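Contents: one structure, followed by commentary.
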Amino acid sequence: MAGAIIENMSTRKLCVVGGILLVFQVIAFLVGGLIAPSPTTAVPYMSVKCIDVRKNHHKTKWLMPWGPNHCKKLKDFEEAVSRQIEANDIVFAVHIPLPSKEMSPWFQFMLFIMQLDIAFKMDNDLKENAEITLDVSLAYRDDMFGDWEEIAHAIEIRKLKCTFGSPKTVESEGRHYDCDFLPFMEIGSVAHKYYLINIRLPVNDRKGINVGIGEIKDIRLVGIHQNGGFTKVWFAMKTFLTPSILIIMVWYWRRITLMTRAPVLLEKVIFALGISMTFINIPVEWFSIGFDWTWMLLFGDIRQGIFYAMLLSFWIIFCGEHMMDQNERNRLSGYWKQVGPIAVGSFCLFIFDMCERGVQLKNPFYSIWTTEVGTELAMAFIIVAGICLCLYFLFLCFMVFQVFRNISGKQSSLPAMSKARRLHYEGLIFRFKFLMLITLACAAMTVIFFIVSQVTEGHWKWGDITIQVNSAFFTGIYGMWNLYVFALMFLYAPSHKNYGEDQSNGDLAVNSGEELQLTTTITHVDGPTEVYKLARKEAQE
């Protein structure tokens with residue numbers, strides 16, 4: 001009787017919770033697909049060739065490509081040669097944004113890539129493994145007639161990777177090389193209305209600076225920033241989800257503290273997972289609208305890294321706590337072999353991020369991929385992290401295999417067990433399969449929507465309705481993992497409902513009755529955790 005009541009309550013509970021979560025999941029996708037615009041916008045910029053014949057160029061003057069105080073311009077380099085203007089006196093100027101527009105803090109970040117238009121010329125060919133030296137400066141102002149304030153100045157080197165599809169003959173002169181895009185600049189905030197970039201290509205024949213780089217015709221930039229409309233939708237989701245996860249997290253921990261026993265490891269890990277999810281959700285980005293916080297991109301990477309590390313650790317510990325053997329695992333130290341690769345991999349990725357975005361806090365033009373040493377260091381960190389990830393998944397797959405093997409063994413002996421022990425193992429088997437199902441579903445949806453967002457044009461159009469696929473991917477997947485954590489804490493919180501003693505059965509029972517719960521333990525109101533005692537005893541039998 002009691003077993004049937006428990007089973008019916010569990011089934012009804014899962015159906016109700018599953019239906020509610022499914023509704024919220026659909027809403028999360030629709031918010032991104034129907035309300036939010038595309039996550040980012042790419043804007044092409046063509047640099048203007050300005051003339052500056054003064055000494056110490058970057059310390060004395062900022063050259064504007066257009067406007068009332070625009071610079072003296074060059075049409076092309078043939079004009080520079082005819083006017084005897086040296087290469088060191090030419091400045092490539094780019095104003096951000098385009099005329100009659102303004103930047104906004106809602107854009108959140110700016111990422112720029114560079115493309116060089118290099119023409120083939122017999123007497124000025126592009127050498128193999130050529131490197132270009134850039135003298136770059138970045139400034140800002142908040143009105144069209146104010147003075148420019150410098151943000152950063154740097155001397156940067158970029159490797160040129162270009163191919164030429166025609167024979168290098170006189171007939172091919174003037175044709176352009178096909179060159180790869182170059183990383184140029186990244187800023188983690190857009191706190192000002194106007195930005196100005198001045199680029200110089202200093203030439204020094206004696207030192208070999210900018211020698212053998214071909215005949216550069218133009219410099220193009222592509223600026224990528226987050227759309228303001230998407231930012232507002234994203235902030236609204238964070239603002240809504242933060243109290244939701246926080247409330248369920250407080251409720252979950254209160255249910256645990258009401259027990260007379262100490263929390264078990266799995267309960268602690270689920271709570272830690274809720275904390276890491278809350279850490280991601282807290283909408284500190286609202287402050288970036290009023291403050292110039294260039295570290296927000298790095299901070300966001302750290303928050304995501306903590307969550308992913310906790311999520312991977314949870315999967316390992318969840319499998320271990322459902323192993324149903326005689327080993328005592330209610331300690332984190334018992335999982336050092338599985339959790340160790342997670343810690344090492346996370347540390348490597350953190351160091352890599354600090355070497356990239358950490359340095360960009362001082363120099364937005366820096367890229368770790370532009371030097372051989374930096375590339376080798378970055379690849380080393382990524383390879384080590386990849387090896388750790390592979391080891392982790394090997395451990396995880398092995399543990400899942402062990403759990404299913406143990407499940408098969410337990411299922412054959414369930415009819416011979418006492419009622420309480422049978423219900424205990426049936427609960428373990430059901431809970432493990434249930435979590436594996438929703439975990440695989442979440443992972444599959446993440447991969448599927450990522451692939452769809454990459455192969456489609458960014459939006460689908462059905463009649464008058466336009467669905468932004470990329471925005472739906474971000475909001476839907478973000479909402480999905482929030483719901484995943486919410487469901488874990490809701491379904492795996494200890495329950496204090498008492499269904500009394502089964503008087504009609506002589507099987508094992510206690511005066512206080514058995515509690516309905518979705519943890520790996522059989523918890524009594526007045527007793528400690530029993531899962532390990534029962535598991536060891538059954539394994540020995």
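The values are calculated or read from the model by the stated rules, or taken from the named source; none is laboratory data. Quick caveat, the model's predicted, so the values are computed rather than measured. Cβ atoms come from the backbone with ideal geometry, glycine included; neighbour counts cover every protein chain shown. Note: areas computed on protein heavy atoms with side chains; ligands, DNA, RNA excluded. Shrake-Rupley method; radii C 1.70, N 1.55, O 1.52, S 1.80 Å.
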Show the residues, 5+ positions off or on another chain, whose built amide H is closer than 5 Å to the amide H of Asp218.
Asp117
Farthest towards the positive end of the dipole of region 42-226, among Asn69, Val203, Ala93 and with Cβ unit charges of +1 on Lys and Arg and -1 on Asp and Glu, lies the Cα of Asn69
Can you send over the solvent-accessible area of Met480, 1.4 Å probe, protein chains only, in Å² to the nearest 10?
10
If Lys362, Lys159 are ordered by their accessible area, calculated over protein heavy atoms with a 1.4 Å probe, which sequence runs from highest to lowest?
Lys362, Lys159
Given unit charges at Cβ for Lys, Arg (+) and Asp, Glu (-), the dipole magnitude of region 40-199 about its Cα centre in debye, nearest 20, is 240
Surface accessible to a 1.4 Å probe, Trp106 within the full protein complex, Å²:
60
For His153 and Trp481 in one chain, what is 0.36 nm times their gap in residues minus the Cα-Cα distance, to one decimal in nm?
114.0 nm
Sites Ser418 and Ile224, calculated FRET efficiency, Cβ-Cβ separation with R0 56 Å, nearest 0.05:
0.30
Keeping every protein chain in place, order Leu332, Leu440 by accessible area at 1.4 Å, biggest value first, i.e. largest first.
Leu440, Leu332
Could you sort Lys238, Lys207 by accessible area so the largest value comes first, with the probe set to 1.4 Å?
Lys207, Lys238
What list of ³J(HN,Hα) values in whole Hz, one per residue of region 138-153 in order, does the Karplus curve 6.51 cos²θ - 1.76 cosθ + 1.60 (θ = phi - 60°) give from phi, with Gly and Pro shown as x?
10, 9, 9, 7, 10, 9, 5, 10, x, 7, 7, 10, 6, 9, 7, 9
Which loop-located GluC sites (Glu not before Pro) does region 328-431 contain, where loop means any DSSP state but H, G, I, E or B and the Cβ has at most 16 other Cβ atoms within 10 Å?
Glu328
Farthest toward the dipole's positive end in region 42-226, which of Ala139, Phe120, Gln226, given Cβ charges of +1 (Lys, Arg) and -1 (Asp, Glu) about the Cα centre?
Ala139
Compare the peptides 174-186, 71-83 by average per-residue count of other Cβ atoms within 10 angstrom and give them in order, highest first.
174-186, 71-83
In square angstrom, rounded to the nearest 10, how much accessible surface does Ser189 have for a 1.4 Å probe?
10
Whole-Å distance linking the alpha carbon centroid of region 183-225 with that of region 272-333 is 38
Could you give each residue of region 165-175 its phi-based ³J(HN,Hα) in whole Hz, using Karplus coefficients 6.51, -1.76, 1.60 with θ = phi - 60°, and x for Gly or Pro?
x, 10, x, 7, 10, 4, 5, 8, 4, x, 6
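Any of Lys159/Lys207; Lys127/Lys159; Lys168/Lys217; Lys193/Lys238; Lys73/Lys168; Lys75/Lys217 with alpha carbons more than 22 Å apart? Name them for me.
Working: Lys159/Lys207 17 Å; Lys127/Lys159 11 Å; Lys168/Lys217 18 Å; Lys193/Lys238 26 Å; Lys73/Lys168 32 Å; Lys75/Lys217 10 Å.
Pairs exceeding 22 Å: Lys193/Lys238; Lys73/Lys168.
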In whole Hz, the Karplus estimates of ³J(HN,Hα) for region 379-389 (6.51, -1.76, 1.60; θ = phi - 60°; x where Gly or Pro) are 5, 4, 4, 5, 5, 4, 4, x, 4, 4, 5
Would you mind calculating the relative contact order of region 42-226 from Cα pairs under 8 angstrom and at least 6 residues apart, reporting the percent as a whole number?
37
